[in-house]
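Quick notes on the structure that follows.
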Amino acid sequence: MERKNYIGKVLGLRKLITLHASRFTLYGIKRFTIYDLRSLLRFTLHTLRFTVFFALLFTLYALPVSTLAADKLVVMNGSTNLFKVTDTGNVGIGTTNPGYPLEIIKNQNGATYVRIGNSNNGTSAVQGIYVTNDTNKGVSLQARSTNFSPLYANAGVIRTDSSITNGFVFATGAQAPIRFFIKDIEQVRIDSSGNVGIGTANPSGKLDVNGTIYQSGVPCCADYVFAKDYKLESIEDHAKFMWEKAHLKAIPKARRDANGNEMVEIGGTYQKGIVEELEKAHIYIERLNKKIKDLEAKMKALEEGK
């Protein structure tokens with residue numbers, strides 16, 4: 001008797017069940033006959049499986065428009081809302097009213113993190129968050145791999161794109177300081193008045209440093225005045241310039257900003273000039289002292305010759 005596979009043919013499945021023309025006749029997808037009880041049981045089992053599958057598929061498809069009102073998707077654990085997608089597309093985890101494209105709320109006595117990981121340690125491996133503006137450029141918060149090249153391997157990096165021409169801004173919305181810590185110890189503070197403190201939490205000026213400051217990269221010393229070939233102007237010429245110009249020759253004249261505040265260069269020409277004038281003054285003092293000694297000796301000789 002000819003074998004037929006009507007269900008497999010209709011559903012597009014390969015050899016779902018083998019049917020033979022015989023004594024039982026069923027009606028469904030297409031009229032066919034079943035040869036024996038074993039074939040009937042096998043057919044019943046497959047029918048139940050498909051019934052369950054299509055019931056689940058219908059339930060998932062109907063979920064957004066059934067008991068969830070305007071919401072598109074809700075995942076519950078009992079009466080607790082775990083995950084929700086609103087009709088506006090906002091996604092909430094732990095909240096029923098997400099006000100942002102992604103909002104995560106957790107009420108627990110512990111850390112609440114969103115983790116983005118990359119187990120690769122290659123020279124270009126980076127993981128982080130990238131936030132862009134209307135030009136599709138922006139700033140990224142990165143964790144770079146231990147072998148990242150060429151810069152900042154095994155480091156946390158905040159970086160802006162080159163097209164972000166206004167740079168990076170640190171800002172507080174209240175009268176609160178900006179603080180920088182290393183090993184959980186505060187190192188630098190900018191207070192609400194704009195004063196910067198290094199090594200102090202209470203800066204008393206625009207820059208308040210508690211510790212030693214070292215400077216390099218610009219000439220700060222003037223030991224060249226002690227060289228044998230250095231042409232030191234006479235004390236008379238030095239004094240003439242000082243009184244005519246109202247400042248010492250090696251120190252630039254005082255400058256003021258647009259508000260009338262005096263501007264002083266720290267380091268460079270100004271600092272070197274102070275050192276130069278100080279060292280020249282000591283040379284003048286030494287020369288005057290020598291002249292004084294010579295005069296004293298001559299006066300003593302004259303007094304003894306009387």
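The values are calculated or read from the model by the stated rules, or taken from the named source; none is laboratory data. Predicted, not measured: the structure shown is a model, and the values here were computed from it. FYI the Cβ positions are ideal-geometry reconstructions off the backbone, even for glycines, and counts take in every protein chain you see.
For this structure, a couple of remarks:
- Residue count for region 205-227 satisfying the condition of being surrounded by 11 or more Cβ atoms within 10 Å (Cβ to Cβ) and polar (S, T, N, Q): 1.
- A single member of Thr146, Thr172 is polar (S, T, N, Q), exposed (fewer than 13 other Cβ atoms within 10 Å of the Cβ), outside any strand (DSSP E or B) and modelled with pLDDT of 90 or more, and it is Thr146.
- Scanning region 177-193 for residues that are closer than 26 Å to Val264 by Cα and either among the charged types (D, E, K, R) or at pLDDT 95 or above (or both) yields Val188, Arg189, Ile190, Asp191.
- Per-region count, region 149-161, residues exposed (fewer than 13 other Cβ atoms within 10 Å of the Cβ) and in contact (Cβ under 8 Å) with a residue 24 or more places away in the chain: 1
Rundown of residues vs (1) within 16 Å of the chain's Cα centre (by Cα); (2) hydroxyl-bearing (Ser, Thr, Tyr); (3) exposed (fewer than 14 other Cβ atoms within 10 Å of the Cβ), yes/no style:
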{"position": "Gln127", "(1), (2), (3)": "yes, no, no"}
{"position": "Gly138", "(1), (2), (3)": "yes, no, no"}
{"position": "Leu141", "(1), (2), (3)": "yes, no, no"}
{"position": "Gly167", "(1), (2), (3)": "yes, no, yes"}
{"position": "Ile190", "(1), (2), (3)": "no, no, no"}
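- Boolean, Ala239 is within 49 Å of the chain's Cα centre (by Cα), small (Gly, Ala, Ser) and within 17 Å of Ala281 (Cβ to Cβ): no
- Selection within region 197-207 - under 26 Å from the mean Cα position of the chain (by Cα) and under 14 Å from Ile266 (Cβ atoms): Lys206, Leu207
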